[in-house]
Each structure stands twice: as C-alpha cells, then as structure tokens.
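A quick write-up on the structure given underneath.
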Amino acid sequence: MDDNQERKDFSSTESDSQLSADEETLLDQLGITGAARRKFLGQSMAALLGTFAFHLLAKEEAFSTLAAAPDAVFAQTAGVENAVKVLLKINGSTQSLEVDSRTALLDALRETLGLTGTKKGCDQGQCGACTVIVDGRRVLSCLTLAASCEGKEVTTIEGFADGDNLHPMQAAFIKHDGFQCGYCTPGQICSAVALLQEAKNGEASHVTNNLRTSAQNVALSDEEIRERMSGNICRCGAYPGIVAAIREVQSGRETAQAWHFASDEEIAVALNQGGKADEIV
C-alpha cells in the first residue's frame, strides 16, 4: 500500500461511503478531499437539517391557526388523582383547595396558589428553604402534607409585610446584610420569626443551660440563636448577619449597621494606578 492510498483510507468517513460515484467524482474534481471533505459534508448536512426544521415549524404554525371541525372530539382533561378538599387560612385569607392527597404543602403553595416566595431546595427536609409557619409553629413544608393542614393557619413569607411596610425581621435582615443570593432568605425569616415566639414561650434548646426553669421571654445569646437556626442552611454563609438581625429584633435594642454602599471617593481610593484593587487589610 503506497502513502497516497494510506492517506485516502484514513481520510475516508462513513459519509463518504454513502456518496454515489458521481458525487465522489464531483468532490474530487473540486479538490475537496480529506478533512475538507468531512467539513463540507458536515456543513451540507447542517444546512439540510436547518431547512427541514424551518419548513416543519412553518407547517406547525399554519396548522395551529386552523379552526377545529364542528364534530371534533377532544380527550377530557385528567382530573386530580386521589383528590381531597382542604380549607386553609393562608396569610389571613381563606383558601379552598382540591389537591391530590399526597401533595406536599410546599407544592400546594407554589404550584396551586402561586405563592412562590417559599422555596424548594433539597425537597428532603434538610436545608430549611421551604420553612413556613403553621399555627404559630415553624414546619418544613416539603415534608408536610397539604391535607394535614385542614383548618389551620399558614403564614408564608408573603404574609409578613404590610404593603411597603416591612416586618421588623425583614428590615433587620436588610440592615445587617443577612442574605446574599436570597434563595434561603424566606425560610430563614419564617424560622426566625417562629424562633422568637419559642423564646417568648420559654422553650429550651439543645444549648440551654438550665432546663429546670421555664422562664418566659428567654434572652437569646448568639449561641442560642445559632443552635435554634441550625436547621436553616445558607450556602452563601451570611450567618453573622442573620444572627445579628435576630438578636436585634429579639432584644429590641438597635445596633449599628456594619456595612454601607461604597461612595465614589471610597472606590477611587480603593483602586491603585493600575486599576486593581489595593490589598484589603
């Protein structure tokens, strides 16, 4: 086998074998061989598929404008499987739902009622992003059946603010930079508000020193707050701001905001001659 024959064997493709004798002769006359031939065939196929897709979409658009025949028969829309009726009071408004008996409260809130503030994170009760308040107690809505909340009062993140007037916990989260991406924040705030009620009731946590007392209005240390909020994960790591926000709301004593937006002068000082930020100390 000579070198020319070997190069031809290596440059041949499955597409080449599908060409007719006339097509191969034409490509040889045009000087399209080897890698150039493979590229040419690939571009030709892409153009062919593009043209086919364009005509297919045009046909579908034309068919969509046609009116249905008077005697046309349509399949019935499937109803809710294992349907149960549930009466809930959500954010002060009574809602009557018909849902599958297996529907989680999280899905009922998001998919049925459009209350998408409550977030679906792990969907396994591990991250706390779906936390809502049911009859004053914080629950993981992804592990709570909607049917089990019959007649109960549910509060989601949408139920805290009064128009433009934020709930104190919401305002504190903003003030102390208690969030970054914001995905876990609705669950964090719901959990924090319920936490304050738990402290008001004198409920103990794993780190409570004296379990023999059941004092009302327990003053929460940073350790207590961290322990009681441990079921809510923040992957951005905004925990210091979260603790500061809860501590301020619980104590009623305002603390200084630890951050501010940089002014133009501060930005100019932070940039050196080369346009790179100076080392932060």
If I ask for residues that are assigned to a helix (DSSP H, G or I) and within 15 Å of the chain's Cα centre (by Cα), which ones from segment 174-194 would you list?
185, 186, 187, 188
If we only count strands (runs of 3 or more DSSP E) wholly inside segment 92-169, which ones have 2 or more residues that are closer than 20 Å to residue 233 by Cα?
131-134, 137-140
Of the residues that make up segment 117-124, is at least one open to solvent by less than 50 Å² (accessible area, probe 1.4 Å) and of a type in the set (Lys, Arg)?
yes
For the condition at pLDDT below 95 and surrounded by 14 or more Cβ atoms within 10 Å (Cβ to Cβ), what is the one hit in 112, 131?
112
Pairs only if they're at least six apart or on different chains, beta carbon under 6 angstrom, first in segment 188-203 and touching a residue at least 24 places away in the same chain (Cβ under 8 Å) and aliphatic (A, V, I, L, M), second open to solvent by 20 Å² or more (accessible area, probe 1.4 Å) and in a loop (DSSP other than H, G, I, E, B); list them, first residue then second.
199/218
Need pairs with beta-carbon distance below 7 Å; first residue polar (S, T, N, Q) and within segment 225-245, second at pLDDT 95 or above and open to solvent by less than 50 Å² (accessible area, probe 1.4 Å); sequence gap 6+ or separate chains.
232/128; 232/131; 232/184; 232/187; 232/188; 232/191
Answer with yes or no whether residue 212 is out of contact with any helix residue (DSSP H, G or I) (no Cβ under 9 Å at 6 or more places or on another chain), assigned to a loop (DSSP other than H, G, I, E, B), at negative phi and at pLDDT 85 or above.
no
Kindly establish whether residue 158 is surrounded by fewer than 20 Cβ atoms within 10 Å (Cβ to Cβ) and either under 23 Å from residue 101 (Cβ atoms) or at pLDDT 95 or above (or both).
yes
Anything in segment 215-259 that is in a loop (DSSP other than H, G, I, E, B), more than 19 Å from residue 132 (Cα to Cα), modelled with pLDDT of 85 or more and of a type in the set (Ser, Thr, Tyr)? List them, or say none.
221
(1) touching a strand residue (DSSP E or B) at 6+ places or on another chain (Cβ under 9 Å); (2) not in a loop (DSSP other than H, G, I, E, B): which one isn't true of residue 61, the others all being true?
(1)
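The values are calculated or read from the model by the stated rules, or taken from the named source; none is laboratory data. No experiment lies behind these values; they were computed from the predicted model shown. Virtual Cβ from ideal backbone geometry, glycine too; neighbours counted across all protein chains shown. Heads up: the accessible areas ignore ligands, DNA and RNA and are worked out on the full protein's heavy atoms, side chains in. Shrake-Rupley method; radii C 1.70, N 1.55, O 1.52, S 1.80 Å.
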